[in-house]
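So the structure is just underneath, and the comments pick up after that.
Each reported figure results from applying straightforward, stated rules to the coordinates on display, with no laboratory input. Predicted, not measured: the structure shown is a model, and the values here were computed from it. When we count neighbours, we look across all protein chains shown, and the Cβ atoms used for this are built from the backbone with ideal geometry, even at glycine.
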Amino acid sequence: MGILDGIRVLDLTNVLSGPFCTLHLALLGAEVVKVENPKAGDLARVLGNVPQYNKKLMGTSFLAQNANKKSLTLNLKAPEGKEIFRRLVATADVVVENFRPDVMPRLGLGYEALAAINPRLVYCGISGFGKDGPDAAKPAYDQIIQGLSGEMDVNGDERLHPLRAGFPVCDTVGGLNAAFAVMAALFHRERTGKGQAIDVALLDSIMPLMGWVAANLLIGGKPPVAMGNDNMTAAPSGVFRTGDGFMNIAANKQEQWEAVTEVLGVEHLKTDPRFQERDERKKNRKALTPLLEEKLVEQPTGHWVEALNARDVPSGAILSLGEALAQPQVAHRQTLATVRVDDEIGDVKLFNLTAKLSATPGAITSPPPQLGEHTGEVLGALGLTPAEIADLRSRGVV
């Protein structure tokens, strides 16, 4: 049993932030019905690096975010499509959309209209800037939010700055924030019987993740310094060259720093006034790093990782993405699950729910859906006959 068994979610979202939100609800057992336009569906269906999958409307970007979901095609601009959606809302617990804030009200399907049909409805709108305010109407993609949030200002170094994160961090975090808010609203509904509207902005969502960096500015009065792979909070803490590549060392405590000097055989640095105290080491990190790397290059990464971890100094290799995904620990945790999509695409590996719930574990139970795969099933459950569904298909409503 999933913790959200019996919860129906109508998912009107596209691409990443919204689908990432509803993916987590689906992995927890909710029935998530993707409501997609009949012509092409979710834009992510044509996004990815395998052209033949894009032509099938099953792009890798879509596959990544849509396991455990059903697909219903529905033209929400058509009067019949709106009426069907209103009937679905009467059966639903949650609606999630990531249009611009004015789209659903213009369709006559905003929160107030839907709450009149179903007062217990939890309605979550995800947008770049939120539903109101001076920037509410502006378009936004992940990279735009990365720039406007200050996230790009804390990345990079003196050679490459500002620098975007290598994956859509704002979209992803916005989706997680939305899923968290939906769960909270469902809990509130259990207590009160009442639904509510949720307004999630990508700009709001990413900023608290920079809490430590922002606190240095808001409270300490110091703006961020682009430090690349170095950790601002301690030294030595960052990336270091070894005999066969690079590794991460995070000696954040005084005793860890002293252990580093002992493992590397540079105990004399303990009493060097430039490195003796934590704040002095931070000021002099550019002088410290080459002194440590002189020793680190004498042995491969694996040697140092084992030796430093044995002394309780957090250390690790820097892996390629492929190596990271193939780690024994990742396999042990069942972070990835294998699911069969169809005969042409075959088996693919997708991310599981990574939170481990002892009583109600989440899991992938069905592959990402073909466009409109469940239209007949969902409409039939509403009471529409096969002839009525065929008529709606012929007129492009579904």
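Quick notes
- Residues that are surrounded by 12 or more Cβ atoms within 10 Å (Cβ to Cβ), out of contact with any helix residue (DSSP H, G or I) (no Cβ under 8 Å at 6 or more places or on another chain) and on the phi < 0 side of the Ramachandran plot within the range 215-233 comprise ASN216, LEU217, VAL225, MET227, ASN229, ASN231, listed in sequence order.
- Residue list for the range 66-86, restricted to those being within 23 Å of ALA44 (Cβ to Cβ) and either part of a helix (DSSP H, G or I) or among the aromatic types (Phe, Trp, Tyr) (or both): GLY81, PHE85
- Considered as a group, the residues in the range 256-278 that are more than 19 Å from GLN299 (Cα to Cα) and acidic (Asp, Glu) include one that is surrounded by the fewest Cβ atoms within 10 Å (Cβ to Cβ), and that residue is GLU277.
- Test: residue in the range 348-366 that is crowded, with 18+ Cβ neighbours inside 10 Å and not aliphatic (A, V, I, L, M): yes
- Positions within the range 102-134 being part of a loop (DSSP other than H, G, I, E, B) and surrounded by 14 or more Cβ atoms within 10 Å (Cβ to Cβ), in sequence order: LEU107, LEU109, GLY110, ASN118, ARG120, LEU121, GLY128, PHE129, GLY130, LYS131
- THR338 meets each of the listed conditions (1) surrounded by fewer than 14 Cβ atoms within 10 Å (Cβ to Cβ); (2) of a type outside the set (Lys, Arg); (3) touching a residue at least 24 places away in the same chain (Cβ under 8 Å) apart from (3).
- Near pairs, Cβ below 6 angstrom, 6+ apart or cross-chain, from the range 33-56 (among the basic types (Lys, Arg)) to any residue that is assigned to a loop (DSSP other than H, G, I, E, B): ARG45/LEU57; ARG45/GLY59
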